[in-house]
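The values are calculated or read from the model by the stated rules, or taken from the named source; none is laboratory data. Remember, it's a predicted structure, so these values are computed and weren't measured experimentally. Glycine also receives a Cβ, built like all others from the backbone with ideal geometry; neighbour counts cover every protein chain displayed. Quick note on the areas: whole protein, heavy atoms, side chains included, nothing else; ligands and nucleic acids left out. Shrake-Rupley method; radii C 1.70, N 1.55, O 1.52, S 1.80 Å.
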Amino acid sequence: AVHIAFASLWVACPNWQRRADGFGSWVGVSVLSVEQERLSASFIKMFHRFLGNSSAGVFAMIVAQILNVNELIVAAGLVAGWIWIVLSFYEPTFDYAMKNAAYSSAIFLFGGLVVFNQDSVNLGYISLRITMVSIGIAQAFILDFIFFRRSARPKLCKEALAWFSSLAVA
């Protein structure tokens, strides 16, 4: 609940929303997707989410800027090839990173476009989404590893319940 409360600030606060340029919901998506039962599993999933998003963003930038693809069918073919490559070299230990890299490539390449032939790939969209995902990962890391360590959660829960009980009595 604390994670989502902080992540919702990117959507609720006007200043933060302006900085996120309407993509603040990716912070919450990242926070929810990396949360695991064990701390080590959360850390691994954080790394995999960042790795998958970054590699998909690099691929989208290569297609847009270096290859300078302006035809929708060619871009769709390159994305299909990227997805095939990523999933054909499937490694169970990097499961989440590989799946994330596969589906994020299409989101990056086509997500910021209105008309593919007229609008070049919006590099601002790619960098902003990677930034928002990174902020979500950093927020999950800070809250889980520093402020609300899992070893301290039973005590924190007991104190919070006592505080709410005292409010009910008063």
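A few notes on this one:
- ILE4-ALA138 pseudo-label distance in nm [points 7 Å out on the Cα-to-Cβ vector]: 2.4 nm
- Overall, the chain carries a charge dipole of about 620 debye about its Cα centre when +1 sits on the Cβ of Lys and Arg and -1 on the Cβ of Asp and Glu, all other atoms neutral.
- Given the chain, longest segment not containing exposed loop trypsin sites (Lys or Arg not before Pro) (DSSP; at most 13 other Cβ within 10 Å): 39-148
- All distinct Cα pairs of the chain go into the 1/r average, and the inverse of that average, the Kirkwood radius, is 17.8 Å.
- What the pair-distance distribution of segment 17-92 shows, using all Cα-Cα distances binned every 5 Å from zero, is 3, 12, 15, 18, 17, 18, 11, 4, 1, 0 percent.
- Here the gap between GLU37 and ALA160, fully extended at 0.36 nm per residue and compared with their Cα-Cα distance, gives a gain of 42.2 nm.
- Within the chain, the selection of entire DSSP H helices by a Cα span of 30 Å or greater along the long axis and an average Kyte-Doolittle value of at least -0.5 returns 39-61.
- Helix-only CD estimate at 222 nm, as mean residue ellipticity for the chain, using -39500 (n - 2.57) per DSSP H run (n ≥ 4): -22500 deg cm²/dmol
- Solvent-accessible area per residue in the chain equals 59 Å², computed with a 1.4 angstrom probe and all protein chains kept.
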